[in-house]
Amino acid sequence: MNGSCDAVVLGGGVNGCAIARELSRDGMKVVLLERGTIGCGTSSNSSKLIHGGLRYLENGQFGLVRESLKERKRLAELYPDLVKMVPFYLPVYNDSLRPWWVIRLGLMFYDVFSRQPLYRSRRVNKRDFSSRFRDIKASGLSQVYVYYDGKTNDLELTRRLALDARDSGCIVREKCKVEDIIVAGGKLEIKYTDDGGKYSVETPLLINATGPWIDEVNERYGLPHNYRITKVSGIHIVVNRELVPDCMFLQTQNKRIFFMIPWEGRKTIIGTTERVEDGRCDEIKVNEDDVDYLLDCANRYLKTPIERQDICDTFLGIRPLIRDKKAAKDATSMSREYKIDVVECRGARVVHVYGGKLTTCLGMAEKVRRQIQDMDDSK
Ligand SMILES: Cc1cc2nc3c(=O)[nH]c(=O)nc-3n(C[C@H](O)[C@H](O)[C@H](O)COP(=O)(O)OP(=O)(O)OC[C@H]3O[C@@H](n4cnc5c(N)ncnc54)[C@H](O)[C@@H]3O)c2cc1C
C-alpha cells in the first residue's frame, strides 16, 4: 500500500501479530509487514507450550511465572480451540538430580501462582503411571507427579492473531522486502517491495517486532536502540513413534530438563536444547551434537532406544534474549522476560520488542499500547 498510517509493525511473528491486533482494535490504522509468511520465524519453531514455565521458579523468576500463568489463562479463554490445558507428567527417579521434594515444592508454588484449582498438581501412583507410559522405564522410579499447562499449535495461533488484526482493519502484507527506512519531518517513510511492486508508507510510529532478527534489522536500517540480544538456538526432533500418551518432562544428567510431547500422526516431539549462537540468524543450522544430545536424553528413559532413522523432522528456533554480560555463558539462567524499548527518532518513534514468549504475547501487546498512549498523553 502507498500512503500513511498510525503505525507500521515490522515482523509477523506472534509478537508482531499480537501488537497489530491490539493497536488495530484500539482504532489505529496499522500496517504489518512480514518478509516471509505469517509465523514463519520463531513462532512456528517453539515447544508449543502455553505455560508459566515451571523451571523458571528455580531461577527465582517468580514475577515472570506469575504473569505467564495469568496470560496462559487469558489465551486459553480467548482461543479455546487453539490452546488446550493438558496434563504434564513429571517422573522423578532415584538418581534424578532434583529430588522429589524439590519438584513437589515447585509444583506447590506453581499451583498457588496459577490460581486455577481445577488444574492443581498431584502425585500419581507409580504403577498407574507405568501401565500408561509403557515405553518408559519403571526401574528406579521414585515418585511421579502430574500438573497442567497449555499446549498449542504455535503457527495456527500466530495466524489467528494476524486474522484478528486484519478483521480489526490492519493491513497485513507478507513476502515483502523493506528496502529502506527514511526519517524526515517527524515521520518514518518505509519503502518496501512485494510481488505487486514498490510501495512507500509514512508513519509516526514503527514497531520493530522482528524477534531474533532485531539486531540485524537495527543495523541494516540504522534504527536507534538501547539493547542488544544474545541469540540462543533451541532444536526439537520429531520422532516417528508414539512414545508417550501425554506430555512428559524429565531431568537430564546436567540438571536441565527435556520433554516428550505426543504430536499429530502418532509422532513425538522431543526438545529442547540451548546453544548460544554468533552467526546471522539465517545462517544458523541444526547442530548434530544437539540431535545426539536429545537422543541420549530420551534413551536414558526409554525401554526401546530411538535411533537417528526414527527422526522424521528437526526444527530450530532462536530465542532473542536481552544481552546480559554476566550470564552470557549460561543460556539456561538468562532471563526470558521481554523488554519494550521506546526510542525517539528525530520526532518519530520506534518501539523495539525484545524477547518474550508465545504465552505472554497478549500482555506484552497491551503494554506496548499503554506505553504509546502514555507518551501521547504526556505530549
Ligand atoms: C526453541 C524455542 C522454544 C520455545 N518454546 C516456547 C514455548 O513452548 N512457549 C512459549 O510461550 N514460548 C516459547 N518460545 C518463545 C517464543 O517462541 C518466542 O518468544 C516467540 O515466538 C517470538 O515471537 P516474535 O514475534 O518475537 O519472533 P518471530 O516469530 O521470530 O517473528 C519475527 C518475524 O520477523 C520477520 N522479519 C525479520 N526481519 C524482517 C524484516 N526486515 N522485515 C519484515 N519482517 C522481518 C521474520 O520473518 C519473523 O517472521 C520458544 C522459543 C524457542 C526458540
(Q) So for the range 111-123 (the condition being touching a strand residue (DSSP E or B) at 6+ places or on another chain (Cβ under 6 Å), among the polar types (S, T, N, Q) and not assigned by TED's automatic domain parsing to the domain that holds A365), does at least one residue qualify? (A) yes
**Q.** Selection from the range 107-129 of residues that are closer than 18 Å to S96 by Cβ and touching a Pro at 6+ places or on another chain (Cβ under 9 Å)
**A.** V124, K126, F129
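Which ones in the range 48-84 are outside any helix (DSSP H, G or I) and surrounded by 17 or more Cβ atoms within 10 Å (Cβ to Cβ)?
So the first thing to find is which residues in the range 48-84 are outside any helix (DSSP H, G or I), and the list is 48-53, 60-61, 79-84.
Once the filter is applied, which keeps residues that are outside any helix (DSSP H, G or I) and surrounded by 17 or more Cβ atoms within 10 Å (Cβ to Cβ), the range 48-84 yields K48, L49, I50, H51, G52, G53, Q61, Y79, L82, V83.
Can you tell me which residues in the range 169-196 are of a type outside the set (G, A, S) and free of Cβ contacts under 8 Å to residues at least 12 places away in the same chain? Write out each step before concluding.
Going through the range 169-196, the residues of a type outside the set (G, A, S) turn out to be 170-183, 187-195.
Correct list: I182 only.
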(Q) Six or more apart or on different chains, Cβ atoms under 6 Å: show the pairs whose first residue is in the range 346-358 and small (G, A, S) and whose second is in a strand (DSSP E or B) and within 11 Å of the ligand (Cβ to nearest atom). (A) G355/P320; G355/L321
Q: Please give the number of the condition R35 fails out of (1) more than 12 Å from the ligand (Cβ to nearest atom); (2) in the same structural domain as P212 (by TED's automatic domain parsing); (3) not in a helix (DSSP H, G or I).
A: (1)
Q: Kindly establish whether T332 is under 14 Å from T273 (Cα atoms), within 16 Å of the ligand (Cβ to nearest atom), among the polar types (S, T, N, Q) and at pLDDT below 95.
A: yes
Q: For H225, state whether it is within 15 Å of the ligand (Cβ to nearest atom) and in contact with a Gly (Cβ under 7 Å, 6 or more places away or on another chain).
A: no
Q. If we keep just the residues of the range 85-124 that are surrounded by 14 or more Cβ atoms within 10 Å (Cβ to Cβ) and among the polar types (S, T, N, Q), which is nearest to I270 (Cα to Cα)?
A. S96
Q: Kindly state which strands (runs of 3 or more DSSP E) lie completely within the range 106-198 and contain at least 3 residues that are over 18 Å from P245 (Cβ atoms).
A: 141-152, 171-173, 177-184, 187-194
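If the requirement is being modelled with pLDDT of 95 or more, acidic (D, E) and touching a helix residue (DSSP H, G or I) at 6+ places or on another chain (Cβ under 8 Å), which of these qualifies: E277, E307, E337? Spell out how you get there, then give the answer.
Values: E277 fails: touching a helix residue (DSSP H, G or I) at 6+ places or on another chain (Cβ under 8 Å); E337 fails: modelled with pLDDT of 95 or more.
Answer to the check: E307.
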Q. Here is a list of conditions, (1) part of a helix (DSSP H, G or I); (2) surrounded by fewer than 19 Cβ atoms within 10 Å (Cβ to Cβ); (3) touching a Phe, Trp or Tyr at 6+ places or on another chain (Cβ under 9 Å), and C297 meets all of them except one; can you say which number that is?
A. (2)
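Among the residues of the range 167-185, write down those that are in contact with a helix residue (DSSP H, G or I) (Cβ under 8 Å, 6 or more places away or on another chain) and over 13 Å from C5 (Cβ atoms).
Of everything in the range 167-185, those that are in contact with a helix residue (DSSP H, G or I) (Cβ under 8 Å, 6 or more places away or on another chain) and over 13 Å from C5 (Cβ atoms) turn out to be S168, V178, D180, I181.
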Q. Which of the residues spanning the range 242-294 are basic (K, R) and either within 26 Å of G36 (Cα to Cα) or surrounded by 15 or more Cβ atoms within 10 Å (Cβ to Cβ) (or both)?
A. R256, K267, R275, R280, K285
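Look through A209, A162 and report the one residue that is out of contact with any Lys or Arg (no Cβ under 9 Å at 6 or more places or on another chain) and touching a residue at least 40 places away in the same chain (Cβ under 8 Å). Outline the logic, then answer.
On the way: A162 fails: out of contact with any Lys or Arg (no Cβ under 9 Å at 6 or more places or on another chain).
Every option except A209 fails the conditions.
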**Q.** Failed item in (1) modelled with pLDDT of 95 or more; (2) in contact with a Pro (Cβ under 9 Å, 6 or more places away or on another chain); (3) under 19 Å from D215 (Cβ atoms), with G356 passing the rest
**A.** (1)
Q.
What's the number of the only condition in (1) farther than 26 Å from R21 by Cα; (2) within 15 Å of the ligand (Cβ to nearest atom); (3) in a strand (DSSP E or B); (4) in contact with a Lys or Arg (Cβ under 9 Å, 6 or more places away or on another chain) that D290 fails to meet?
A. (3)
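The values are calculated or read from the model by the stated rules, or taken from the named source; none is laboratory data. Given the structure is predicted, the values throughout are model-derived calculations rather than measurements. Backbone-built Cβ (ideal geometry, glycine too); neighbour counts: all protein chains shown.
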